[in-house]
1. If DNA, RNA and ligands are ignored and the probe is 1.4 Å, what is the ranking of GLU138, GLU78 by accessible area, most exposed first?
2. Could you compute how much accessible surface ASP223 exposes when probed at 1.4 Å, giving the result in Å² to the nearest 10?
3. Using the crude model of +1 on Lys and Arg Cβ and -1 on Asp and Glu Cβ, and no other charge, please compute the dipole size for the chain relative to its Cα centre, in debye to 20.
4. Under the 0.36 nm per residue contour assumption, what length would be gained going from the current alpha-carbon distance of PHE243 and HIS212 to full extension?
5. Can you tell me the FRET efficiency between GLU143 and ALA51 if r is taken as the Cβ-Cβ distance and R0 is 25 Å, rounded to the nearest 0.05?
6. So what is the relative contact order for region 130-223, in percent, with contacts set as C-alpha pairs under 8 Å and at least six apart?
7. Simple spin-label model, 7 Å along Cα-to-Cβ: ASP252 to VAL266 in nm?
8. Compare the peptides 272-285, 158-171 by average per-residue count of other Cβ atoms within 10 angstrom and give them in order, highest first.
Amino acid sequence: DEPPPPQLCFRTNPPHAQTASRPSLYAMDYERERVEPAGFPVIGGNSDIGALFGLAGTLSYFRDGCRPYFRNMSLAVEASVKSGPAGLELVEQDYRWQMDIVGILRGRLRLHPAVFVTRTTGLNYFGQGNGPRLSAPEPFAGEAGRFNQFGAWDVWALLDGRFMVKRPFSVAMSLAYHYADPLVYRGSALEIEAARLRPDGSPLLYGVQPLHFLRASVSAIMDTRDNELMPRSGLGYGVWASFNRAFPLSADTVYGSVGASLAHYVPVVGPLIFAGRVVTDWQFGRVPFYDTFRGAVPFLIDMPGGVNAIRGVPSARYAGPIKMYANLELRALLWQFSIRSQTFAIGASAFFDTGRVFSDYTF
């Protein structure tokens, strides 16, 4: 009954993993060596991308008490359709491959390589800050229905490494390559603002042309969550800094960011869990326009709008170098069932989201 060593892999499960009163999803067997495949169709969508369809599959390898697994590999292929200016159109294609390698150096080192490819035709562009949306001029000679839109190809190749210093503290470093190729529609708000200059003669917007980015980031993490995939208690704190350099150098696009994410999880009663999170991201330098509505590391997510931050607010509706948002949730896993050897759960959540952006660092 010795206490577990300060790393991710243990010879025995922690006591809570075998508590009968907990849902069976938490009573995982991390010791028995095995490979577990899983797959499920993806059906969803939202007002930004329309109706989403796809397939997601994963392989998890368990051994040596490593949590949440010893190795994991997943693949997802998704596409969405939505009514557009020319009728029903393919709005988004998304291809994702990633691995999570936990059991290195008895779990002290964790590696996460990933490749993402996304093609989108209906991304939003409403300008910077909290002001009203940009409106099409009259008469409008551009592409009908495209004034507040742009398209893009995005390719990401990333390697993230996390080293356990002393439980629950770890540090992470990531290196990433990002190719961004925006499609600027004729007569759109993006085309109009891309042609404007600041008072000092510099461009109003950066990143309108195809660019290659090299991105490096470092994070400090404190994680006491009792379950990484569906936590019931504990906290997850992270602070980060990143640096981004675009090529060719003639694009003059270089920027950095600092930020933090503070999350708490508290069991309430029965299956109910209270979850709260505050996230902020501060960018500085010559930031490409499509990153002014994104933030966080190692992956850039849409914020404060979109599905990851203030749910219900369109992605990119509010953009700026300073972003912050908060989420409060009551969530629960309500119904569990098995299909052959796999356990599934269906749950629900009630949430409140809020946030704000700032277009510059002046008062």
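The values are calculated or read from the model by the stated rules, or taken from the named source; none is laboratory data. Note that the structure is a prediction, hence the values are computed from the model and not measured. Reconstructed Cβ throughout: ideal geometry from the backbone, glycine too, with neighbour counts over all protein chains shown. We work out accessible area using only protein heavy atoms, side chains counted, and drop any ligands, DNA or RNA first. Shrake-Rupley method; radii C 1.70, N 1.55, O 1.52, S 1.80 Å.
1. Largest accessible area first, the list is GLU138, GLU78.
2. 30 Å²
3. For this selection, approximately 660 debye.
4. Length difference between fully extended and current span is 9.8 nm.
5. Step by step, r from the Cβ atoms, then E = 0.65.
6. 32 percent
7. About 5.1 nm, to one decimal.
8. 272-285, 158-171
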